[in-house]
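So the structure is just underneath, and the comments pick up after that.
The values are calculated or read from the model by the stated rules, or taken from the named source; none is laboratory data. Quick caveat: nothing in here was measured; it's all calculated off a predicted structure. Cβ placement follows ideal geometry from the backbone for every residue including glycine, while neighbour counts extend to all protein chains displayed.
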Amino acid sequence: MTIASMTGYARAEGRDAQCTWLWEAKSVNGKGLDLRCRLPHGHDALEVAAREAVTRKLKRGNVQMSLTISANASAQAVRVNQDLLNQLVALVDELGPSHQNIAPARWDGLLAIKGVLEAAGGDEGTDDETRLTREAALKLDLDKVLDALAAMRLSEGARIQEVLLSQLDEIGQLAERAAACASLRPEALRERLRLQVAAVLEAAPSLAEDRIAQEVALIAVKSDIREELDRLRAHVGAARDLIGQGGAVGRKLDFLSQEFNREANTLCSKSSDVELTRIGLDLKAVIDQFREQVQNIE
């Protein structure tokens, strides 16, 4: 299966004899699933259908949807704002006698005043059957735009999946380089332990044997990174399994990336070798890049 990104954009257009409409949907990263819907006046009931469809098709992301409806030019109706026109006519009759030097008002001038003529858009004048048919078509196009959005998120997810797998390869390779580091060879570890124990004895020659044993054990633990490397390998395997499962695995991958970072930090803190420290820093850099990509996963 393929993982899905949380980012995407889609649009779907439709029309009937009276109007055209445009659905637009876009999504960005989010901790959960959140929908913001912008609908024309009189179509608020579509938000319920939009929320149900988004919940059914998507798992995470901040989703914004908008619907724009425009009346067709051939079906554009015009009406007169009779109240405003009556007020203007009454005003002309009232002012006319005291302004005889001004040309009388003409009908074309009155009709040209803003607000006198209005476009009768929306569902005004639309019968119930036409309204129900249009609502059904709007819901169909709602599903289409969300299907297109989900497809784009999957396409983007496939690209991110390749990047994540490549980064996991690099993390695994760096872990193996760390395991093969010369400073971790048995003879090197023994020599370093011998020198550190000698330094302890020189600093405190009267230490009891049991205290010396404790110090030796502590030094050995601090210089041993085998557990960190084993956990790194295990985390790489777990991350690959999650990516192979597909679906909404973003949160789990984000948790694993934190575990990756914890092991890399411990490795760097235990390192007493320039080469091993350099490998640890390279690990941290790749892990940061891995986590940045994981933030985009559903």
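In the range 249-272, how many residues are more than 27 Å from K59 (Cα to Cα), charged (D, E, K, R) and surrounded by 16 or more Cβ atoms within 10 Å (Cβ to Cβ)? Reasoning before the result, please.
Of the residues in the range 249-272, the ones more than 27 Å from K59 (Cα to Cα) are 262-272.
Narrowing the set further to residues that are charged (D, E, K, R) leaves 262-263, 270.
With surrounded by 16 or more Cβ atoms within 10 Å (Cβ to Cβ) added as a condition, the list becomes 263, 270.
So the answer is 2.
For E94, state whether it is among the acidic types (D, E) and modelled with pLDDT of 95 or more. Give the derivation first.
Working: among the acidic types (D, E): yes; modelled with pLDDT of 95 or more: no.
It is false that E94 is among the acidic types (D, E) and modelled with pLDDT of 95 or more.
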Determine which single condition T20 fails, assuming it passes every other condition in (1) more than 21 Å from R153 (Cβ to Cβ); (2) at pLDDT 95 or above; (3) of a type in the set (S, T, Y). (2)
It is to be established whether one or more residues within the range 165-187 are modelled with pLDDT under 80 and not in a helix (DSSP H, G or I). yes
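With surrounded by 13 or more Cβ atoms within 10 Å (Cβ to Cβ), closer than 30 Å to A285 by Cα and either of a type in the set (G, A, S) or at pLDDT 70 or above (or both) as the only criterion, which of L142, L138, L154 stands out?
Numbers: L142 fails: closer than 30 Å to A285 by Cα; L138 fails: closer than 30 Å to A285 by Cα.
The match here is L154.
Among the listed residues S70, S66, which satisfies the condition of being hydroxyl-bearing (S, T, Y), surrounded by 15 or more Cβ atoms within 10 Å (Cβ to Cβ) and at pLDDT 80 or above?
S66
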